[in-house]
Structures are given as C-alpha cells and as structure tokens.
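The values are calculated or read from the model by the stated rules, or taken from the named source; none is laboratory data. Predicted model, so just to flag it, every value in this text is computed and none were measured. No Cβ is skipped: glycine too gets one built from the backbone with ideal geometry, and neighbour counts run over all protein chains shown. The protein model used for the area step is the full one, side chains on, heavy atoms only, and it has no ligands, DNA or RNA in it. Shrake-Rupley method; radii C 1.70, N 1.55, O 1.52, S 1.80 Å.
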Amino acid sequence: MKDIKSHGSLMIRTFALVILSAMLSSCGKKEAGDAVPQEEEAVVYAVNAYRISGGNLDEYLEFGGDVASTSSVDVMPDQAGKLTRILVSVGDRVKKDQVIAYVDASRPGMTYKASPVKAPAAGRVISFSPTVGATVSQAMVIARISSTDDLEIKTSVAERFISRVKQGQAASVTFDAYPGEVFTAKVFEVSPVLDTTTRTMAIKLRLSPPDSRVKVGMYARIRLITDSIQNAIVIPASTIVTRDGESYVFKVSGGEGQQSARLQKVSRGMTVDDRCEITSGLSVGELIISKGQSLLDDGSAVNVVSVTGTDSAGQGAVR
C-alpha cells in the first residue's frame, strides 16, 4: 500500500513538471515572436541656412561729435551806448565790413553821431542777442557771424586709439535728424598734441560732399574706418562652431529631400561685431547652416527651411 502511494505521488510530480515545462516553452515562443526587429527612422533636423557671397569688412572706431562752422567771429561795437538800429536778422548773409547795426554814444549834454557796427567777416548771422534800446559796451558780443557753407565735425579720440587715426581717413556719419541716412566724411585735421586733462586727441572731419541739410550744432555719430578688407568671404560669427579648439561650419550637402550637414574646418581672419572673415575653407555661393547647428554631427540629415544672404559690405564697431 505504501508503494502504491509513493508511485502515485511520483506520477503527480512528473505530470506537474511536464505542464510547467510546456507553459515556459509557450511563453518563450510568444516573447520571441514579439521581438520583431524594426528599422529606426532617421532624425531630420530643421535648420536655417546662409548663402555666402563676396563682400567687404570694415573695422571702425565709433565716436560722437558736434557740427561747427570752420570760421566763426564775434561782433563787438566800436562805441559804448544804446543800440538804436538793427539792420540784419538771424540767418541773413552779410559781406565783410557791411553795417549791421548802429550805436548811439550820446550822453546828457553831449550828442554824437550814431556809430556803425560792421561785420568783421563775410558769412551768415547765426545770433544777435540785444534788442533796440539795449545798452551795449565795447567788450560786449552783440552778434556772431559764421561761414555755414563750410562746416566741420569736431570730436576727440581716446589715447589708446590714436595710433589708428590719420589725416585723410574715411568715415561714415549719421544724424538723428535724418534716421537711416549715412553721410560720408574725411578727416582733414589731426591735433599734434593730447589734452592732458581728458587724455584725448582732437580731430576734425569734413563732409564729402557737403550737404546743406546739415546744420551747425547738430550731434554727429561718427564711424571712423581704420581697416578695410575688400572682396572677402564674410559670414556671421554665430555660424561658426568650435570643436577641439578648432573652428568649423556645417555646409549643406545634397539636393532637396536628401540634404545633409557636412562639417567643414575653416580659418578665421578679422572679426568685427557679429561678422567674421574666412580666409580658407569656404567659397562664394556655398550654403552653410546658420541656425540649428549646435545639435548636428557630421552627416546629420537636415531640412533647410529658410535661406538668407549677405550684403555686399559689412561693418563692425570697436570700442
């Protein structure tokens, strides 16, 4: 009886092992069937691109200055007394020795002939302070005459920049009165000494050609060109990426629908503001990636969504 029970228990255990083995085999086949290899889709990066063209790169110093006349003289009477007549108005043109006013030097008990006040130089009357009946003296400036047709722009250059300034240098000038309009000028006078108080050197510029819209007293914003590179390959400095201490850009390779980014090593020249000269590695007409390049690797698939170009000239400021 004991043997029968033992034999039955053994059969039960054997049957359980068979069922468990079948279940494990079925589960393994199901998992193996689920693990069907699938091809991963390639990542395509949306980028902006920049079309390279030849241009100029100008390095410049930036200053502020004031428009003044090249010649300006004060008018003072020969006699002290009361101003009896004024023959000109502010803005009038006068000739040298032209009478512009009369002064009566008479005093109680003494009558004198009116003394004429003459213009010491030709030009335009830019101010006339006293009015008829006012008392003037020989040391009093009653008017100012300037040559408003021949203007100059006065400014000062900091000591650290004086080695970059010389006579005949070209400059571009803008005025708040004419936003967006650029006037050309040249340096015609450079002071041989520095102001020991401000440590600056005075220079003067003249508009070329002259423009009647520019008035005495206007504030000028001056860009004095210190170095210029003609017909250079100039790209935005933001398009350049640095890897392992070297400068690279990503060029767009391939046609529409199959474009990729190719890493190109470049040599940098002069950099001014956000514009950089490329001395080797790129050619005119090539397309480089200007936005989105930070995520790319050599050979990454890209989709160019917009293309911008470059102006024929670029400028940057040095401060």
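The table below lists the values:
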| item | result |
| --- | --- |
| Candidates 191, 172, filtered to the one that is in contact with a Lys or Arg (Cβ under 6 Å, 6 or more places away or on another chain) and open to solvent by less than 50 Å² (accessible area, probe 1.4 Å) | 172 |
| Any pair with Cβ under 6 angstrom, 6 or more apart, that starts in segment 231-245 at a residue that is free of Cβ contacts under 8 Å to residues at least 12 places away in the same chain and of a type in the set (Ser, Thr, Tyr) and ends at one that is open to solvent by less than 20 Å² (accessible area, probe 1.4 Å) and not in a loop (DSSP other than H, G, I, E, B) | none |
| Any pair with Cβ under 8 angstrom, 6 or more apart, that starts in segment 174-189 at a residue that is assigned to a strand (DSSP E or B) and ends at one that is open to solvent by 50 Å² or more (accessible area, probe 1.4 Å) and aliphatic (A, V, I, L, M) | 174/182 |
| Residue match in segment 90-98 (condition: outside any strand (DSSP E or B), basic (Lys, Arg), over 25 Å from residue 204 (Cα atoms) and open to solvent by 90 Å² or more (accessible area, probe 1.4 Å)) | yes |
| First in segment 158-170 and free of Cβ contacts under 8 Å to residues at least 12 places away in the same chain, second anywhere and among the small types (Gly, Ala, Ser) and assigned to a loop (DSSP other than H, G, I, E, B), Cβ under 6 Å, 6 or more apart | none |
| Flag if residue 156 is in a strand (DSSP E or B), open to solvent by 50 Å² or more (accessible area, probe 1.4 Å), in contact with a Ser or Thr (Cβ under 8 Å, 6 or more places away or on another chain) and not charged (D, E, K, R) | yes |
| Segment 199-254: number of residues that are within 30 Å of residue 300 (Cα to Cα), modelled with pLDDT under 90 and among the charged types (D, E, K, R) | 2 |
| Criterion (within 23 Å of residue 151 (Cα to Cα) and either open to solvent by less than 20 Å² (accessible area, probe 1.4 Å) or hydrophobic (A, V, I, L, M, F, W, C) (or both)) met by exactly one of 203, 240 | 203 |
| Residues satisfying the stated conditions in segment 265-290, i.e. open to solvent by less than 50 Å² (accessible area, probe 1.4 Å), under 16 Å from residue 50 (Cβ atoms) and not charged (D, E, K, R) | 266, 276, 278, 281, 282, 285, 287, 288, 289, 290 |
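Rundown of residues vs (1) part of a strand (DSSP E or B); (2) under 30 Å from residue 63 (Cβ atoms); (3) modelled with pLDDT of 85 or more; (4) under 14 Å from the mean Cα position of the chain (by Cα), yes/no style:
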| residue | (1), (2), (3), (4) |
| --- | --- |
| 277 | yes, yes, yes, no |
| 284 | no, no, yes, no |
| 290 | yes, no, yes, no |
| 302 | yes, no, yes, no |
| 307 | yes, no, yes, no |
